[in-house]
Amino acid sequence: MTFSETQARVISVAKLAASLSEHWSPRIVAEVDDAYVKVAKVKGSLTWHSHENEDELFFVLKGRLTIEMDDRVVDLIEGDAFVVPKGVRHNPVAIEECLVMLVERKSTLHTGSELTDRTRDLASQLRPV
């Protein structure tokens with residue numbers, strides 16, 4: 001399903017996330033004003049990074065997610081949501097495979113200013129699910 005096909009339709013974010021074949025490769029499934037709604041299948045550690053001008057909302061659809069930050073660690077289970085405030089260095093980690101939904105401003109770079117083999121550009125995130 002392409003991004004444009006999900007607009008103005010009922011979608012199952014959990015099913016879309018479960019259908020992904022790559023870890024840490026978020027896909028945009030909806031647009032709300034100046035924000036994208038993304039889904040991802042994650043496992044392992046992403047990378048330490050920050051988003052200097054944007055908050056980032058994580059919502060766990062299935063599994064467990066840990067968000068490491070310089071001053072604390074937040075553990076999330078299915079149904080939990082957490083907002084990483086702008087400018088806060090963080091590293092999402094999932095010991096077992098986890099499905100997440102993210103809400104981010106359209107300007108948010110996947111791994112902030114950190115570039116790794118897991119960094120995905122906007123074109124990659126807009127690919128069909």
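Bear in mind these aren't lab numbers, they're just calculated from the coordinates by the rules spelled out. Keep in mind that this is a model prediction, so the values were computed, not measured. Heads up, the Cβs are rebuilt from the backbone with ideal geometry, glycines too, and the neighbour counts pull from every protein chain shown.
Which value in deg cm²/dmol, rounded to the nearest 500, describes the helix-derived mean residue ellipticity at 222 nm for the chain, given -39,500 (n - 2.57) per DSSP H run of n ≥ 4 and division by the residue count? Don't jump to the answer; show the numbers that get you there.
Details: 3 runs with 15 residues, N = 129.
So the helix-based figure for the chain works out to -2000 deg cm²/dmol.
Placing unit charges on the Cβ atoms only, positive for Lys and Arg and negative for Asp and Glu, gives the chain a dipole magnitude near 440 debye about its Cα centre. Among the listed pairs Lys15/Lys38; Lys15/Lys86; Lys62/Lys106, which have their C-alpha atoms separated by more than 22 angstrom in this model? In this structure, Lys15/Lys86; Lys62/Lys106 lie more than 22 Å apart at Cα.
Charges were assigned to the Cβ only: +1 to each Lys and Arg, -1 to each Asp and Glu. The resulting dipole of region 11-79 about its Cα centre is roughly 660 debye. Between Val83 and Ile11, the simple spin-label model (points 7 angstrom out along Cα→Cβ) gives 2.2 nm. The residue among Ala8, Leu102, His49 whose Cα reaches farthest toward the positive pole of the charge dipole of the chain, with charges on the beta-carbon of Lys, Arg, Asp and Glu, is Ala8.
Explain nothing, just the number: relative contact order of the chain, from Cα pairs under 8 Å at least 6 residues apart, as a whole percent.
Numbers: 309 pairs, mean separation 42.8, N = 129.
The value is 33 percent.
What the phi angles of region 33-42 give under the Karplus curve with 6.51, -1.76 and 1.60, with θ = phi - 60°, is a coupling list of 6, 9, 10, 9, 9, 10, 10, 8, 10, 10 Hz, glycine and proline written as x.
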